[in-house]
Amino acid sequence: MRIAMVSAHTSPLAPLGGRETGGMNVYVLELSRELASLGYEVDIFTRRDGLLPAVEPIAPRLRLVRIDAGPPAPIEKEAIIGHLPEFVRNLHAFACDAPGYDLIHSHYWQSGWAGTILARRLRLPHVVMFHTLGEVKNRARFGEAEPTLRIRHERTIARRADAIVTASGHERQLLERYYGADPARMHTVPCGIDLDLFQPLPRETCRASLGLPLDRPVLLWVGRLEKLKGLEILLDAVAGLERRDALLLILGGDDRAAPLRAELEAQAARLGLADRVRFTGAVDHAELPRYYSAADVCVVPSFYESFGLVAVEAMACGTPVVASRVGGLQSTVIDGVTGYLIPWRCPEPFTEKLDVLLANPELRANFGRAARASVERFRWSTVGLRIADVYDAALARFARHEPPAGRPFAPEAWEAAVIASGG
Ligand code: UDP
């Protein structure tokens, strides 16, 4: 079976920890690897953003295909929509020349848009995973409002898809409530984790190799440096800790995140934390287990996470997590067992729970053991098979020709709306 995996706005081979390169990139690549190892032929389609080969083999039965659409250079995520019609045309031409695909699996709403049109043109079933939703981001109210165009398109994509993968029950509820998605087409399958890479390593050795002191508490934050991640709250929380010697490591961020990093550095300086907060920039994914294992606690103070791979990676390394009670984190972190979930977006409750954990090595060890035991359900070999089941369900539904409910679909008008919007 041949899968066209669509990740238009970001390449799964891009370096992680940039402003736009995080969980979705990891997910698309790892899922595709798993499916290829199960015998699927997988082509991942992404927009060409540099002078790289059009087709790049990644593993047996797995390739990356770069599609020309707009300038062959990095561009803002928001600007990509203006090039989506060209992306669709060129992907369509590639697909017509290649031995036929059996199914399209798209990621994020821009690829969902492309996937919806391609599915209709190529007469294929379409599986979509949104990763984040415009309506949900707006409700989290942490920054600029997402354009209504995005939300309108997400609604159409959700209603047209043969299957929708949601990473948590929470995302499923949101899709049903705010987007009118058909519950019978939604499949909740958590994201997978490489549990062989992410496993507990000896803390002392990790600290020594990273140049970290053994006698000071170490807190860890990992991710894309962006406002949604709630780092301001974390800095305020660290300033209030009983342990005045605690170190905070902030991993992630590229040149495009420089303005936010400068803001955070200024905040740390104002709070008198300049020598207790270390910004490392982006760290290679394979290096992360050493950081997670070296840390006493991993903190995820996000305003929203549709899944939150970082929390699961930390738990896989036996490190307790203190996280916001939002989105997918509610289904991964077990409150009072593998860490704590904080229902308020303010620093004091984070400080309180961090104080509890930093003062209790035994509690940390117990949480760490429970954390590792709790992540077995995210093993890729399990998750890959569940996605294969979703494909089977989508193919069966497509074969039964069950049209989605709602108004008739006019893809030409839809394309025209994107072009008219100018992106
Ligand atoms: N990551 C990384 N290096 C970094 C920062 C982040 O490899 O310097 C990876 C991290 O290990 C995780 C992903 O980026 O796999 C972030 O995923 P998550 O779901 O936590 O957040 P998202 O990016 O989806 O908002």
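Annotations for the structure displayed:
- For the chain, share of DSSP beta bridges that run antiparallel, in % to the nearest 5: 10
- Intensity falloff of the stretch 203-377 expressed as log10 I(q)/I(0), Debye formula with alpha-carbon point scatterers, at q = 0.08, 0.15, 0.16 Å⁻¹: -0.20, -0.77, -0.89
- GluC sites (Glu not before Pro) restricted to the stretch 163-245 and DSSP loop, no more than 14 other C-beta within 10 Å: 242
- Ignoring lysines fewer than eight residues from residue 227 along the same chain, the ones with Cα atoms less than 17 angstrom from its Cα are 77, 137.
- The separation of the stretch 343-376 from the stretch 212-257, counted between C-alpha centres, amounts to 15 Å.
- Span-like helix check, the chain: qualifying full DSSP H segments, with Cα axial length of 27 Å or more and mean Kyte-Doolittle of -1.0 or more, are 380-399.
- For peptides 59-69, 111-121, sequence by mean Cβ density within 10 Å, most packed first: 111-121, 59-69
- Computed packing ranks the peptides 301-310, 315-324 as 315-324, 301-310, most packed first, by mean other Cβ atoms within 10 Å.
- A straight Cα-to-Cα reach below 20 Å connects residue 353 with the lysines 229, residues fewer than 8 places away in its own chain not being considered.
- Compactness of the chain was expressed as the Cα radius of gyration divided by 2.2 N^0.38 Å, which yields 0.99.
- GluC sites (Glu not before Pro) restricted to the stretch 92-167 and DSSP loop, no more than 10 other C-beta within 10 Å: 144
- Peptide ranges 46-57, 286-297 listed from the most packed, as the mean C-beta count within 10 angstrom indicates: 286-297, 46-57
- Look at the dipole of the stretch 203-377 built from charges on Cβ: of 234, 311, 248, the Cα furthest out on the positive end belongs to 311.
Throughout, read-outs are computed from the coordinates displayed, never taken from laboratory work. Predicted model only: the values in this text are computed from it and were never measured. Quick reminder, even Gly has a Cβ in these numbers, built from the backbone with ideal geometry, and neighbours come from all protein chains shown.
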